[in-house]
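What follows is a short report on a single structure.
The values are calculated or read from the model by the stated rules, or taken from the named source; none is laboratory data. Just so you know, these numbers come straight off a predicted model, no measurement behind them. Quick reminder, even Gly has a Cβ in these numbers, built from the backbone with ideal geometry, and neighbours come from all protein chains shown. SASA here: full protein model, heavy atoms, side chains in, ligands and nucleic acids out. Shrake-Rupley method; radii C 1.70, N 1.55, O 1.52, S 1.80 Å.
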Amino acid sequence: MQRVSLPFLQAGMMVAKGVYSSDGRLLLSAGTILAEGTIPKMQNLGVGSVYICNPLFTDLEVPELINIDTRVKTIQALQSVVRKFEKTNELNIEPLKGAVRQLVAEIISNREAMIHLIDLRTFDDYLIAHSVNVCILSLLTAVNMDYNEAKLVDLAMGCLLHDLGMTAVPEEIRAKVGSLTPKESSIVQTHAEVGFNYIRKVRDMSVLAAHVAFQHHERFDGKGYPRQMAGNEIHEYARIAAVADIFDALISDRPYRKGMLPHEAYEILMTLGDSLVDREIVNIFLEHVAIYPMGSVVQLGSNEIGIVTTVLPKMQSRPIVKLLTDTNGELLQEPREINLAEHLTLFITRVLKEQEIFELGKSVRDEQES
Ligand SMILES: [Fe+2]
């Protein structure tokens, strides 16, 4: 299957993986053939992309780090907590507890795994989807820093609620396309302290979890906010969350721009690691994020084009690639696999764009049918 963003969706394409709204409702089930009218409907609902069947990817099973049911349950629980908080200004974290326990259990049993793609993201409720992603990415980092279960639970709670204070920022500022005025920026910046002040009052929550909200915009060089803390003055939980927060923001599709590809976000995070974020945490984080996720279609220095089929931990830039074309761009009769870890002079030179992948899929289908 291929992840296709809305502008490239066409009637007649077959949905390969269920599409959910940010409150966890099933909008489209696997196997549905897209009708003309479905695409604008998806756009109105705020869906960013859909997984579509493409013959290039028929035998590719991308493992999911977190079970889809767990992800949906977490999103629903967080949404109900935030909605209630917006209405009453009371923060009741009870509905989050079961979801967090389940997330932590799955991360502990999957600690060696890699994140390939983060889906279930919609524009209409960026805050909720983003918070759940930051939570999962932070847990994956922390479990590889040997955090025990109790610390993972605290960190997860803090991450889920890290942007709670954004609910106090007026919608017109939150949804603004383009740069903020200095006054608007200072309003947005209040979200860290506002969130902290609510979270720290919750009786059965660790104050360290509240510090994730307070300190996630502090930067290693002391130029963040609200307190301009630097280096290890910033609590480790907040340093972990900051890395996950920046990465997820970079790869997210937003109404006004398409998210970056993982390898582009990887480069940026590597650069920021020298000043803004904790370099050691970035290194641990990036060991578990696939730079070229399974299913990426890549071109090699030899000009051959292929699909990434296996990514081994610590070998992210040298995956196993199933070659589809030869050096002249001609389709191979029999695709063959090449392990880039064994061909150190061969590099990935670029990642193909959606339209190119779609066209390639069409020529493979034509070839199979002829
Ligand atoms: Fe934030």
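Sorting the segments 234-242, 292-300 by their mean number of nearby beta carbons within 10 angstrom, highest to lowest, gives 234-242, 292-300. Between THR190 and SER80, the contour length at 0.36 nm per residue exceeds the alpha carbon distance by 37.3 nm.
Membrane-span-like helices of the chain, defined as complete DSSP H segments with a Cα extent of 18 Å or more along the helix axis and a mean Kyte hydropathy of at least 1.6, are identified as 126-143. Protein heavy-atom surface of the stretch 68-287, 1.4 angstrom probe: 52% of the accessible area is carbon and sulfur, with nucleic acids and ligands not counted. This model, with +1 at the C-beta of Lys and Arg and -1 at the C-beta of Asp and Glu, gives the stretch 297-369 a dipole about its Cα centre of some 460 debye.
When all alpha carbon pairs of the stretch 164-319 are counted in 5 Å bins from zero, the resulting P(r) reads 2, 8, 14, 16, 18, 16, 11, 7, 5, 2, 1, 0, 0 %.
Dividing the summed helix terms, -39500 (n - 2.57) for each DSSP H run of n ≥ 4, by the number of residues in the chain produces a 222 nm estimate of -13000 deg cm²/dmol to the nearest 500.
The alpha carbons of the stretch 68-287 give a radius of gyration and a Dmax of 16.1, 46 Å, in that order. For the chain, CYS53 have no disulfide-compatible partner, since no other Cys C-beta lies under 4.7 Å from theirs. Here the stretch 254-345 is treated with +1 on each Lys and Arg Cβ and -1 on each Asp and Glu Cβ, and its dipole about the Cα centre works out to around 320 debye. Length gained on full extension, THR345 to ASP366, computed as 0.36 nm times the residue gap minus the Cα-Cα distance: 4.2 nm. More than 40 Å apart: what percent of Cα pairs in the chain qualify? When all Cα pairs of the chain are counted, 16 percent exceed 40 Å. Per residue, the accessible area of the chain comes to 46 Å² when a 1.4 Å probe rolls over the protein heavy atoms.
Mean silhouette area of the stretch 297-369, derived from the convex hull of its C-alpha atoms and averaged over all directions, reads 4.8 nm². Working note: Karplus 6.51/-1.76/1.60 with θ = phi - 60° gives the stretch 216-233 the couplings 6, 9, 5, 10, 3, 8, x, 9, x, 9, x, 10, 6, 6, 10, x, 6, 5 Hz, where Gly and Pro are set to x.
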